[in-house]
Structure formats: C-alpha cells, structure tokens
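A.B. asks: Mind looking over this structure? Questions follow.
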Amino acid sequence: MKQLLSLLALVLALPLSAVAQEGSVLYERTVKMEFELPPEMEHMRDQIPTENTTSMILYFNELESLMKAAPKEEKEQVVVSGGEGGMIFRMGGPVEETETYQNYDDGTVSEKRDFMGRTFLIAGDQPTYAWKLTGELSEYLGYQVQKATAVQDSTLIEAWFSPEIPVSAGPELFGGLPGMILVLSVNDGQTVFSAKEISLDPVEDGLIYAPKKGKKVSRAEFDFIVEEKMKEMQTMRGGRGHKTVRIMRH
C-alpha cells in the first residue's frame, strides 16, 4: 500500500505538460505454441512455427479504450501437409476480428469476438488484479516504467507500466495500474505484449467505440461454446481418419 501511495504521489507531482491522457499504443503480441504430434509426424515438427506474432493497436483516453487488430494486419500463411493421413496444418491469414472496449468510468467491458463464422458480443465487468509493485525501475521507449506482478487463477502476470501515461489501461483486458502497461508477460512469456510505437496525439473522433454487433453472451457462455465446438471438431476429425495435431496456446 505504501508503494502504491508513493507512486500515486509521484504521478500527481508530474508537470501538466508531462501528463498525457489520450493517444494510441501499437503492440506486438507474441504467443508461443506447443504441439502434440502423433509419433509418425514427429519428423515434421521443425516445419511448424513455435510462435505466432500479430500487431494490435490500443486507442485510449482517460475514460475509455478500444483495442483491435492493427490496420491491414495479415500474416503470411504457413501450410504443412501430413500426406496420406490428410492432415493439413495452417497458420496465418487474416487476423481474428477481435475488438476489446473498456469503460474506466463505469468499470465495464464489451468484447466482440469472431469464432467459427459467428460473431459474439461479450459484456461484463472489468477484471481486477491483485497487483504487487516490485520496486524495479527501468526505461522503455523513452518512458520511465515500473514492474508489477499479479497471480490470477494460477496464472502469473508481469507488467511494466509507465506513470508518465497516467491511464489505468493496457493490452486486451489487462489494466488497473496507475499508468499505461507497455510490456506484459503471461505465464513466463507464453504470451507477451510489447509496445512498439506510442502516440500521445489526440485520438480522432470515432476511433474509440463500444462494439454493438454480435450475439450477446457472458464470458462463461462464450468459453463454453468454444470448448464444445473444439471437442466437436476433434471428434469429427478423428472419425474421418485424420491425424490429430493438438495446439496448446497459453
């Protein structure tokens, strides 16, 4: 608590010229992936990428934010064929149309997710994290940053945030610190968000909005739909004689 109060005092003491409360952050999101391959396909392991990287942009002001895929973000497809078993592995192509909106005034979130040709609108409250300040200081992209950690549902989260951008925002649904999160690591680097460009220019009208389209569901309902659909796909592929490649994303 003393650390947090001291940090808040530091933010309040900053000159008004140094306080930026709107702008955009371009993040690079890297997700490491592990694969369970049938024994007869182990020789193909080196052909399968071990991580997937996409660019995401966060528009923010002191009251709200919206994160979405960066404009024109599309990755080259990687295709690995399994031969007689009929297995084809694909990675890349158009980025999933996910939009994550957060309202810091009323503490709500609204997330548009496209899944298997359907669009869902997930609404709820902002998640809360029991952040602990480590006291570690550094500099990132010219901004002073501090390190904080949290454990959420057995998941370790490490964040470097900057009080020089005094907005409690960050990538996707991460936030709640007295400054913008510029680097975030989940589960020892299984998923990493790294800011690549920061703009503190005023955000154009219309760039921050709450998604409206999609079937309204709770997060628990959406997770259940995804889980059931993945089980269904595995059953169908198994029944047709396809070799199974299990992708584990953390």
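The values are calculated or read from the model by the stated rules, or taken from the named source; none is laboratory data. Given the structure is predicted, the values throughout are model-derived calculations rather than measurements. Quick reminder, even Gly has a Cβ in these numbers, built from the backbone with ideal geometry, and neighbours come from all protein chains shown.
A.B. asks: Looking at the structure I just gave you, is Ala130 buried (at least 17 other Cβ atoms within 10 Å of the Cβ), out of contact with any His (no Cβ under 6 Å at 6 or more places or on another chain), outside any strand (DSSP E or B) and not aromatic (Phe, Trp, Tyr)? Give the steps one after another, and end with the answer.
C.D. replies: Working: buried (at least 17 other Cβ atoms within 10 Å of the Cβ): no; out of contact with any His (no Cβ under 6 Å at 6 or more places or on another chain): yes; outside any strand (DSSP E or B): yes; not aromatic (Phe, Trp, Tyr): yes.
Considered against the rule, which asks whether it is buried (at least 17 other Cβ atoms within 10 Å of the Cβ), out of contact with any His (no Cβ under 6 Å at 6 or more places or on another chain), outside any strand (DSSP E or B) and not aromatic (Phe, Trp, Tyr), Ala130 comes out as no.
For (1) at pLDDT 95 or above; (2) hydrophobic (A, V, I, L, M, F, W, C), each residue gets a yes or a no:
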| site | (1), (2) |
| --- | --- |
| Ser185 | yes, no |
| Asp188 | no, no |
| Lys196 | yes, no |
| Asp201 | yes, no |
| Ile208 | yes, yes |
| Gly214 | no, no |
| Ile225 | no, yes |
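A.B. asks: So if I check each of Ser199, Ser218, Ser194, which one is under 17 Å from the mean Cα position of the chain (by Cα) and of a type in the set (S, T, N, Q)? Break it down into steps so the answer makes sense when it comes.
C.D. replies: Details: Ser199 fails: under 17 Å from the mean Cα position of the chain (by Cα); Ser218 fails: under 17 Å from the mean Cα position of the chain (by Cα).
Residue meeting the stated conditions: Ser194.
A.B. asks: Among the listed residues Thr128, Thr119, Thr155, Thr134, identify the single one that is polar (S, T, N, Q) and closer than 23 Å to Ser24 by Cα.
C.D. replies: Numbers: Thr119 fails: closer than 23 Å to Ser24 by Cα; Thr155 fails: closer than 23 Å to Ser24 by Cα; Thr134 fails: closer than 23 Å to Ser24 by Cα.
It is Thr128.
A.B. asks: Can you name the residue in region 50-63 that is surrounded by fewer than 16 Cβ atoms within 10 Å (Cβ to Cβ) and within 25 Å of Gly189 (Cβ to Cβ) and, of all such residues, is modelled with the lowest pLDDT?
C.D. replies: The extreme case among them is Thr50.
A.B. asks: If you go through region 134-146 one residue at a time, do you hit one that is hydrophobic (A, V, I, L, M, F, W, C), touching a residue at least 24 places away in the same chain (Cβ under 8 Å) and more than 26 Å from Thr98 (Cα to Cα)? Spell out the reasoning first.
C.D. replies: First pass over region 134-146, keeping only residues hydrophobic (A, V, I, L, M, F, W, C): 137, 141, 145.
Filter again for touching a residue at least 24 places away in the same chain (Cβ under 8 Å), leaving 141, 145.
So of that shortlist, the ones also more than 26 Å from Thr98 (Cα to Cα) come out as 141, 145.
Yes, the conditions are met somewhere in region 134-146.
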